[in-house]
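*Asks:* Attaching a single structure in structure tokens format; questions to follow.
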Ligand SMILES: *Cc1c(COP(=O)(O)O)cnc(C)c1O
């Protein structure tokens, strides 16, 4: 059996080495390291893949969120609702822009932002909702867009973990996730479903005016060289990363299919186990692209399981061990513990198993039997 890794970037690279190496060599040869033709080409390719009018490449997924909020002209004191159970980047940029983060609880099954909790959190100061499509599964966008319409709010999708997933509306219509809200952000961090070989990110929107504004903000607020019309930032996807992404975008559906295959094999092995809850999948199969495969373990010492897996050469992760409302940087007297019952429980029960495009069935068998044996003898 090959050594098990949380993410096998090397194995994935070796399969596309020839084309990736050639595309990087092209950039080196042309020396257009910033804003080379590869960036524009990737932008067009991703627009076509997602079926969205505008993709604005930028430096990373955190910048993408920040720039999206800057372009929406949110002002200090405006309240932005997002999930308590997610990576800190989302709340970080809200706070950086001196907006007021309003963290709300998540759904115990999907781990995504809870619709009733959003409704409860809305005040006259609420200006935006940021759903995060956590672990690769689409949030309930139809319900979120309905709330946004009723209260005149912006929806910014944090799509760092679910690129390639497809959302199905109740009437059967489908759309790639990240194209439904007013604007969306994504990350091309190496371990994401579409990862480059450094930092990278992008913003998507179908709104022409917003797209124009976003393109200026990523480039020092310039629409014409040395004319700074708005306050901007320097946030660019470099040509080498764009070249890598151009090659890898062709494989995104294959990669997501490999993740789904691994998730199905995990599900099958854990099926019916009374202490192991496999990831709940909402709707059709294309709704989840398994950025992470995250179990809930019941009546079991989760941290002892983590140690046992590590002792047996199986890496695993706890995403996320601390609710955002309890993080030092984001604590606030506005928050009441009874409003975070689900997140407070999830942080004790969740464990993410190795998930990537190169998992082999003997590795999955070893991982699942090691988990099951431990849980059986320790719960
Ligand atoms: C990875 C991630 C980000 C940040 O992306 P970077 O490219 O690392 O800045 C933001 N939100 C979520 C949910 C993420 O998983």
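Only the coordinates and a few stated rules stand behind these numbers; no lab work does. Since the model is a prediction, treat every value here as computed from it, not as a measurement. With ideal geometry, Cβ positions are generated from the backbone for all residues, glycine too; neighbour counts draw on all protein chains shown.
*Asks:* Can you bin the chain into rounded, prolate or oblate? Criterion: square roots of the alpha carbon gyration tensor eigenvalues sorted a ≥ b ≥ c, rounded for a/c under 1.5, prolate for a/b above b/c, oblate for the rest.
*Replies:* Details: a/c = 1.89, a/b = 1.18, b/c = 1.60.
Verdict is oblate for the chain.
*Asks:* When a footprinting reagent is the concern and you count Cβ atoms within 10 Å, what order do 259, 281 take, fewest first? The partial results should precede the final answer.
*Replies:* Working: 259 23, 281 16.
Ascending number of Cβ neighbours within 10 Å: 281, 259.
*Asks:* Would you please classify the overall shape of the range 331-379 from the alpha carbon gyration tensor, given that a ≥ b ≥ c denote the square roots of the eigenvalues, rounded means a/c under 1.5, and beyond that prolate means a/b larger than b/c while oblate covers the rest? Before the final figure, lay out the partial values.
*Replies:* Values: a/c = 6.05, a/b = 2.12, b/c = 2.85.
In terms of gyration-tensor shape, oblate.
*Asks:* Would you look at the GNM of the chain, springs on alpha carbons closer than 10 Å, and say which of 23, 369, 333 moves the most?
*Replies:* 333
*Asks:* Which shape class applies to the range 257-302: rounded if a/c is under 1.5, otherwise prolate when a/b exceeds b/c and oblate if not, where a ≥ b ≥ c are the square roots of the Cα gyration tensor eigenvalues?
*Replies:* Details: a/c = 2.04, a/b = 1.97, b/c = 1.04.
The shape class here is prolate.
*Asks:* Let me ask another. Of the candidates 18, 41, 250, which one comes out as most mobile in a Gaussian network treatment of the chain with C-alpha springs shorter than 10 Å?
*Replies:* 18
*Asks:* What number, in percent, do you get for the relative contact order of the chain if the mean sequence gap of Cα pairs under 8 Å and at least 6 apart is divided by its residue count? Present the calculation step by step, with values, prior to reporting the outcome.
*Replies:* Values: 757 pairs, mean separation 82.8, N = 379.
After rounding, I find 22 percent.
*Asks:* Counting other beta carbons within 10 Å of each Cβ, put 145, 6 in order, fewest first. Display every interim value, and only then the final one.
*Replies:* Working: 145 18, 6 15.
Final ranking by Cβ density, sparse to dense: 6, 145.
*Asks:* Note down the nm distance, to one decimal, between modelled labels 7 Å out along Cα→Cβ at residue 348 and at residue 45.
*Replies:* So the two model labels end up 4.7 nm from each other.
*Asks:* Related question: R0 = 56 Å: FRET efficiency of residue 333 with residue 30, Cβ-based, nearest 0.05?
*Replies:* Working: r = 55 Å, r/R0 = 0.99.
The value I calculate is 0.50.
*Asks:* Calculate for the chain the 222 nm mean residue ellipticity that helices alone would give, adding -39,500 (n - 2.57) per DSSP H run of length 4 or more and normalising by residue count, nearest 500 deg cm²/dmol.
*Replies:* Details: 12 runs with 150 residues, N = 379.
-12500 deg cm²/dmol, from helical runs alone.
*Asks:* What percent does the relative contact order of the range 252-378 come to when contacts are Cα pairs within less than 8 Å and at least six residues apart?
*Replies:* On the way: 138 pairs, mean separation 45.5, N = 127.
RCO, the range 252-378: 36 percent.
*Asks:* Please check: in the Gaussian network model of the chain (C-alpha springs, under 10 Å), which one of 237, 194, 210 has the largest mean-square fluctuation.
*Replies:* 210
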